[in-house]
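Heads up: the structure comes next, in structure tokens.
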Amino acid sequence: MSTPSDTRELTARIDRALEELRPFLRSDGGDIKVVGVRDNLVVEVELQGACAHCAQAAMTMKAGVEEAVRRVVPEVTEVVAVNMPSSAMG
């Protein structure tokens, strides 16, 4: 990514992708927030509320969050939760 405006535009597109998931996450007492986007197009998110401690968080990240983001923003290489232990990502 080359400029701050590119980063802002990419983050806005990622946020739009996450909007379709938020009602489901919120219904379980959680939410998700974009923390940043690395130069290698890895998206960092923070799981919030109940989602941060849910036993299904790793599955939600791969099957839900990453899939939704990559569908809308195909250039993204990976989505990682910064507040989830890497061992949980399996």
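Values quoted throughout were computed directly from the atomic coordinates according to the rules given, and no laboratory measurement underlies them. Nothing here was measured: the structure is a model prediction, and the numbers come from that model.
Relative to the dominant Cα principal axis of the chain, helix 4-19 is inclined by about 30°.
Search the structure for amide H atoms under 5 Å from the amide H of VAL79, placed 1.01 Å from N in the peptide plane, and list their residues when 5 or more places away or on another chain. Distant-sequence amide H within range of VAL79: VAL43. The share of C-alpha pairs in the stretch 1-53 whose separation exceeds 13 Å stands at 60 percent. When Rg and the Kirkwood radius Rh are both evaluated on Cα atoms of the chain, their ratio Rg/Rh stands at 0.95.
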